[in-house]
Amino acid sequence: MIQIGEAGWFLPVGGMVLGGLRPETGEFCYRVLPVEFFQSERFQGRQYVQEACNLVAEILSGLNVPKHTEPLQICAGNIMPYIRFWVYQQGYQYSSIPEAKELQILLDTALFQHLREDIDLKNVDFQILHEKPALANWLCWQWLKGGNINARRAVPVRERLAKTGWSTYPVWIRHPYADAKRLLKEKQAPGGK
C-alpha cells in the first residue's frame, strides 16, 4: 500500500510538496511543485493540476508501484481530488483517507527543508509548521512584508517567492493583517462583496 499526500498549499510562500510513503518499508519519495505554478497565468490556467499529476507519476515510479496490485491511499488536501481522478484514469486502485500521521510528518519535513533551502525562510521552524499551521501562515505574511505584518506591500525580492495567483493575495498584501482578515471574512459572509 502507498499513501499519497501534500503539504504547503496553505502557505503564501514557496511551492507545495507532494509525496508518497510505503508504510510497511518506510520508503518515501517526494517532489516539490514549484511556486511558479501558483503565480499569474499558470495559476489562473490551473497548470498546477497537470504538473501535480506529473509529479505523482514520478513519485509512483520512484516507489515502483504496480498499477493493478498495490493499492493507494490518498489523503485529504486541496489538490488531492485531481490526484484521485488522475490515479483512477491511470488504472490504480485507491481509497481516500483523511490523514496519515507518519506521512504528514515526512511531508512537513520536506516542506520545512524546501522553505529553508529554496526560499531562505528562517522564521518558521518545523514545530510551528507541523503543529501550528495558522502561525506558520502568519509568519510567512510577516516575512513577505519585510518583518512588518501591517505593511501594505511585499518586499519585491520576496514577492517572486509568493503564491501571487491566489485571489486573496492582493487583499493580504495590500492591507494591514487585521484589516485583511476582516475584509476577507466580510467577503465570505452571506451577502458579502
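The values are calculated or read from the model by the stated rules, or taken from the named source; none is laboratory data. Only a predicted model underlies this, so the values are computations on that prediction, with no experimental measurement involved. Here the Cβ positions follow ideal geometry from the backbone for every residue, glycine too, while neighbour counts run over all protein chains shown.
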* Any residue in region 104-112 that is among the small types (Gly, Ala, Ser), surrounded by fewer than 17 Cβ atoms within 10 Å (Cβ to Cβ), out of contact with any Cys (no Cβ under 6 Å at 6 or more places or on another chain) and touching a residue at least 24 places away in the same chain (Cβ under 8 Å)? -> no
* Asked: Which of (1) surrounded by 12 or more Cβ atoms within 10 Å (Cβ to Cβ); (2) outside any loop (DSSP other than H, G, I, E, B); (3) modelled with pLDDT of 90 or more does Lys187 not meet, given it meets every other one?
  -> (3)
* Give the residues of region 54-81 that are out of contact with any Asp or Glu (no Cβ under 9 Å at 6 or more places or on another chain), buried (at least 16 other Cβ atoms within 10 Å of the Cβ) and within 24 Å of Phe43 (Cα to Cα), sorted by residue number. => Leu55, Val56, Ile59, Ile74
* Pairs, please: C-beta under 7 Å, at least 6 apart or cross-chain, first residue within 25 Å of Pro156 (Cβ to Cβ) and in region 116-141, second polar (S, T, N, Q)? -> Leu139/Asn123
* Please list, ordered by first then second residue, the pairs with beta carbon atoms under 6 Å, 6 or more apart or interchain, first in region 86-101 and closer than 13 Å to Gly5 by Cβ, second of a type in the set (Gly, Ala, Ser). => Pro98/Ala76
